[in-house]
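Single-structure report; data block below.
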Amino acid sequence: MTTHPVATRDAWLQARLELLEAEKALTRRSDELARQRAALPWVRIDKTYRFDTETGSVTLPELFGGRSQLIVYHFMFGPDYTAGCPSCSAIADGFDGVAVHLAQHDVTLMAVSRAPLDKLLAYRQRMGWRFAWASASASDFNFDFNVSYTEAQQRAGDIEYNFERGGHAMDTAPAPEPVVRFAASCGTDAPTYSRDRPGISTFVLEDGVVYHAYSTYARGVDGVWGMYQWLDRAPKGRNERGVWWRRHDEYERRRG
């Protein structure tokens, strides 16, 4: 016997029309936020960053791949990890299909992590992905864009993430159980795991000059986490009791 409200078709339609008005208001607000996001001023980048890629060592302008816009997904895969973060992996499951369309709209999608390139490519092969992935192990890129931190910063509590200092679950002691569990699944401990964080940063290349346009972190990444966009429309919504997701090759296979 269901515990969820049950109604006639007419009553459902009335409730659905009320929800539709709220959905339309949210869409209009989302459109306005997108305009605000696009209107942010740009910051010129004069520092040289180098990345290890499948085609060799390249600079930040070369990551654009001949396009004028670059979206970087800061994938949590530190140099001491043996596997990528499960949450970032769930998000990255949607990259391949999207990257093709972005490329046709003058946008390059690139994952960047601190782990050595050979680790990244081996993990990409395990996951069955094809998207471009670069290692920032030889530069300050991750540190400058506030997604990686030194052990000294961690000990001193001098971590700025999501535009504020402290306050993030990954900075609490003792570490929350999900952080400990995810760290173990990446072959490391919670403090080491927490020295890398997820995020998105975007860049523009004009007249040979790179500009930083936008960055978002923490829950700001939810918008590109494809499975949640579907779950938010499923009958029971997210229906979560703790952290339930895994890497896609770690789920038990179900019959039927």
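The values are calculated or read from the model by the stated rules, or taken from the named source; none is laboratory data. These figures come from a predicted structure and were not determined experimentally. Note: ideal-geometry Cβ built from the backbone for every residue, glycine included; neighbour counts use all protein chains shown.
For (1) buried (at least 19 other Cβ atoms within 10 Å of the Cβ); (2) outside the structural domain of Ser57 (by TED's automatic domain parsing); (3) touching a strand residue (DSSP E or B) at 6+ places or on another chain (Cβ under 7 Å); (4) closer than 26 Å to Ser57 by Cβ, each residue gets a yes or a no:
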| residue | (1), (2), (3), (4) |
| --- | --- |
| Met110 | yes, no, yes, yes |
| Ser113 | yes, no, yes, yes |
| Pro116 | no, no, yes, yes |
| Pro174 | no, no, no, no |
| Pro191 | no, no, no, no |
| Asp196 | yes, no, yes, yes |
Residue in region 73-83 that is within 16 Å of Ala132 (Cβ to Cβ) and touching a Leu at 6+ places or on another chain (Cβ under 6 Å) present: no
Close pairs from region 169-185: first without any contact (Cβ under 8 Å) to a residue 60 or more places away in the chain and within 21 Å of Gly157 (Cα to Cα), partner among the polar types (S, T, N, Q) and buried (at least 19 other Cβ atoms within 10 Å of the Cβ), Cβ under 8 Å, at least 6 apart: Met170/Ser194; Asp171/Ser194; Ala175/Ser194; Val179/Ser194; Ala183/Ser194
Qualifying residue in region 221-230 (condition: hydroxyl-bearing (Ser, Thr, Tyr) and more than 28 Å from Asp158 (Cα to Cα)): yes
Number of positions in region 188-241 that are in contact (Cβ under 8 Å) with a residue 60 or more places away in the chain and over 30 Å from Pro174 (Cβ atoms): 15
From the options Arg126, Arg114, residue that is under 17 Å from the mean Cα position of the chain (by Cα) and at pLDDT 95 or above: Arg114
Every pair of residues 6+ apart whose Cβ atoms lie under 8 Å, when the first sits in region 125-143 and is free of Cβ contacts under 8 Å to residues at least 40 places away in the same chain while the second is of a type in the set (Val, Ile, Thr) and surrounded by fewer than 19 Cβ atoms within 10 Å (Cβ to Cβ): Phe143/Thr150
Cβ-Cβ under 8 Å pairs, at least 6 apart or on other chains, region 148-159 side free of Cβ contacts under 8 Å to residues at least 12 places away in the same chain, far side of a type in the set (Lys, Arg): Asp158/Arg165
Failed condition for Phe51, given (1) under 22 Å from Tyr149 (Cβ atoms); (2) outside any strand (DSSP E or B): (2)
Residues that are over 14 Å from Asp106 (Cα atoms) and basic (Lys, Arg), drawn from region 41-81: Arg44, Lys47, Arg50
Entirely in region 59-103, the helices (runs of 4 or more DSSP H) that have 3 or more residues that are in contact (Cβ under 8 Å) with a residue 40 or more places away in the chain: 60-63, 86-92
Subset of region 27-47 that is outside any helix (DSSP H, G or I) and in contact (Cβ under 8 Å) with a residue 60 or more places away in the chain - its residue that is farthest from Ala134 (Cα to Cα): Leu40
Among the residues listed as Val58, Val72, the single one being in the same structural domain as Phe203 (by TED's automatic domain parsing), in contact with a Lys or Arg (Cβ under 9 Å, 6 or more places away or on another chain), surrounded by 16 or more Cβ atoms within 10 Å (Cβ to Cβ) and among the β-branched types (Val, Ile, Thr): Val58
